[in-house]
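Enquirer: Just dropping this structure here.
The values are calculated or read from the model by the stated rules, or taken from the named source; none is laboratory data. Model, not experiment: these values are computed from the prediction. Here the Cβ is made from the backbone with ideal geometry for all residues, glycine too, and neighbour counts use every protein chain on show. Areas reflect the complete protein model, heavy atoms only, side chains present, ligands, DNA and RNA absent. Shrake-Rupley method; radii C 1.70, N 1.55, O 1.52, S 1.80 Å.
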Amino acid sequence: MYTLIKVSLFRTVAMENLVEVATAEGELFGGIHMSNITLYERMKKAFALTLALVLVLFIVLQLAPTTNLSASNASAQRASNNGNIPKYIFLFIGDGMSYVQVQSASYYLGSLNSEYGTEQVDLSFMDFPTVGTAMTWDLTSFAPDSASTATAIATGNKTWSGTINMDSTLTKPLETITEKLKNQLGYGIGIISSVNIDHATPAAFYAHQPSRGNVYEIGLEMISSNFDYFAGGMLQSARLTDRKAILELATEAGYTVHTTYAASATLKPSDGKAILIAENLDSGLAMNYSLDALPGEWSLADYTAKGIEMLHANFGDTGFFMMVEGGKVDWAGHANDAAANIHDMLAMDDAIKLAIEFYNKYPDDTLIIVTGDHETGGMTIGFAGTDYDTFMANLAQQSVTYEVFSNVNVKEYKENNTPFSTVLNDIESLFGLMRSSRAARAAHPTLVLNEYEMVMLRDAYERTLKTGSGTKDTMTQAEYVLYGTYDPLTVTITHILNNKSGIGWTSYAHTGVPVPVFALGVGSDLFEGYYHQEEIFYVLAGLTNVN
């Protein structure tokens, strides 16, 4: 009941703020023009009455037994009662990860060596003793973005999509759990991501901006945070040429900055604060997808291992907090590329295994949390075209992601006006999808293209040669449903392969389904239940006694 009152109070105050802002600017609110002062006054009175009722109930319940406390307050009380504070905290966020992303990766591994194709191999965190479920909606939508959801996890507050650690008025910065741990307890802080380290999720643990698009300002906050270890993809601000590079400013501020794998390998604890940037980057300046990684490329696990080495050596006595984001899980979800999604889930799992190894050495001092910020793509296991069957092992035939195929193969097709028959040869070589005339069809019957699918591919290729990818403004509704804003041929290939494997997609954006919260170690039992994802912050704050 206390939780309901807290949420109701939050919504009431937030709604009143919205009405005031909308009225002042003559904006539309809920489809009603708020310049109508009579309507506005009615709403104000309604808000006042609601607020009064909520406050009365709040006061009454304050006098009730402590069993009526919300999850966040209960967590704080229980943590202070047992007196055991987690000294080493690992928070893994699979961007775009919900239950189906976890399960599909598990099923994929199990299908590779299964006699029946329906076994599973658990990912490392699927055996954690506590599993909770977190709702992810923000003030904008039930299908939120990474900025607002990461803000909820980092600060315990809901805000607007696209906003990083600012309140609903976009005027008040919100203090993060990382800032509290650094400033109040002296913890070492590490931020790692397979995408840009100034992208929305990692930025939410050190920056405060009304828009996630303020990438230069986010970079400046990364430096001023004085946090101890950053690693992953290049800063988005690297594309800006009209101002001094953030990495140059970071070096001037005392950070050791390395942009090659060889240099990163030489980093040692005595080097102090560090920023490590991946040497090989994709078109988005992020780390390559795990499926596309070349021999010798550092993985998310490599950067995590170096972070553990650095933070434990320098903050072993004090404690540290490390946030590790599997950001390419989200990007693959947007593109509806199941194989890319699964391989980056497995890459994140490799990083989690390192934290588990650390936990096994320090079980009385370590807490590991694995969660998602939201789900991406509306991924499902089960597709109309395969009825009750799934063929997850089909995905093993894919050897490149949509990223490489679009930027390398499709680029060449456009330059040379490559015949469709030649394109079909590449599709078979790189994705396993084959014409019915191919001799290999007997060994892989579920990968044979039928007439309907052949027409889909031919139409998509013609669209690729004619116009390529588009935007929602330049495409018809039918075209957008078929291709999103991706290259038509590429996304059609992945759709067909995914569907033949028994995987479907409903969106090129985010969805509103809840996400899992897996926990192991000190205070892990407090993450059980069904709750708003803001509660992750409150549990962490309660466990560590920061305020």
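Enquirer: Using r as the Cβ-Cβ distance of Glu451 and Ser270, and R0 as 51 Å, what FRET efficiency do you calculate, to the nearest 0.05?
Expert: Plugging the Cβ-Cβ distance into 1/(1 + (r/R0)^6) gives 0.20.
Enquirer: Once label points are set 7 Å from the Cα along Cα→Cβ at both Glu479 and Arg458, what is their separation, rounded to one decimal in nm?
Expert: With each label point 7 Å from Cα toward Cβ, the separation is 2.1 nm.
Enquirer: How large is the translational diffusion coefficient of segment 96-245 in µm² per second when you combine the Kirkwood radius over alpha carbon pairs with Stokes-Einstein at 4 °C and 1.567 mPa s?
Expert: For the chosen part, D equals 75 µm²/s.
Enquirer: Leaving out same-chain residues fewer than 8 places away, which lysines sit with a Cα under 27 Å from that of Lys306?
Expert: Lys87, Lys180, Lys182, Lys268, Lys273, Lys328, Lys353, Lys361
Enquirer: Which far-off residues, 5 or more places away or on another chain, put their amide H under 5 Å from the one on Phe230, with H placed in the peptide plane?
Expert: The answer is Ile191, Ala274, Ile275, Leu276.
Enquirer: Calculated FRET efficiency, Ala313 and Asn113, Cβ-Cβ r, R0 30 Å, to nearest 0.05?
Expert: That gives a FRET efficiency of 0.15.
Enquirer: Please report the accessible area of Thr390 (heavy atoms, 1.4 Å probe, ligands and nucleic acids excluded) in Å², nearest 10.
Expert: The accessible area of Thr390 comes to roughly 50 Å².
Enquirer: Here's something else I'd like to know. How big is the gap, in Å, between the Cα center of segment 354-368 and the Cα center of segment 128-198?
Expert: 24
Enquirer: Still on this structure: Mind listing the long-range amide H neighbours of Ser194? Cut-off is under 5 Å, sequence gap 5 or more, other chains count too, H placed in the peptide plane at 1.01 Å from N.
Expert: Glu325, Gly327, Lys328
Enquirer: How large is the accessible surface of Arg463 in square angstrom, using a 1.4 angstrom probe and rounding to the nearest 10?
Expert: Counting only protein heavy atoms, the figure is 40 Å².
Enquirer: Right, here's the next one. What ranking of Asp127, Asp330 comes out by heavy-atom accessible area, probe 1.4 Å, highest first?
Expert: Highest to lowest solvent-accessible surface, that is Asp127, Asp330.
Enquirer: Kindly state, to the nearest 0.05, the FRET efficiency for Glu528 paired with Ala396, given R0 = 51 Å and r defined as their beta-carbon distance.
Expert: 0.90
Enquirer: So for each of 111-122, 220-231, 310-321 I average, over its residues, the number of other beta carbons within 10 Å; can you give me the resulting order with the highest mean first?
Expert: 220-231, 310-321, 111-122
Enquirer: Ok, one more. Just the accessible area for Leu482, please: 1.4 Å probe, Å², rounded to the nearest 10?
Expert: Rounded to the nearest 10, the figure is 90 Å².
Enquirer: Which order do the peptides 418-427, 508-517, 204-213 come out in when sorted by mean C-beta neighbours inside 10 angstrom, highest first?
Expert: The packing order, highest mean first, is 204-213, 508-517, 418-427.
Enquirer: Run the numbers on segment 235-322 and let me know its relative contact order in percent, using alpha-carbon pairs under 8 Å that are six or more apart.
Expert: Relative CO of segment 235-322 lands at 21 percent.
Enquirer: For segment 295-418, what does the accessible surface come to per residue with a 1.4 Å probe? Please give it in Å².
Expert: 35
Enquirer: Can you give me the relative contact order of segment 396-462 as a percent, contacts being Cα pairs under 8 Å and 6 or more apart?
Expert: Relative contact order of segment 396-462: 27 percent.
Enquirer: Determine, at each q value in 0.13, 0.24, 0.29 (inverse angstroms), the log₁₀ of I(q)/I(0) that the Debye formula gives when each Cα of segment 148-195 is one equal point scatterer.
Expert: -0.33, -0.88, -1.02
Enquirer: Taking all protein chains in place and a 1.4 Å probe, what share, in percent, of the accessible surface of segment 395-446 do carbon and sulfur account for?
Expert: Summing carbon and sulfur atoms, their accessible area is 46 percent of the total for segment 395-446.
Enquirer: Determine the order of Val215, Val131 by accessible area, beginning with the largest, at a probe radius of 1.4 Å.
Expert: Output order, biggest surface exposure first: Val131, Val215.
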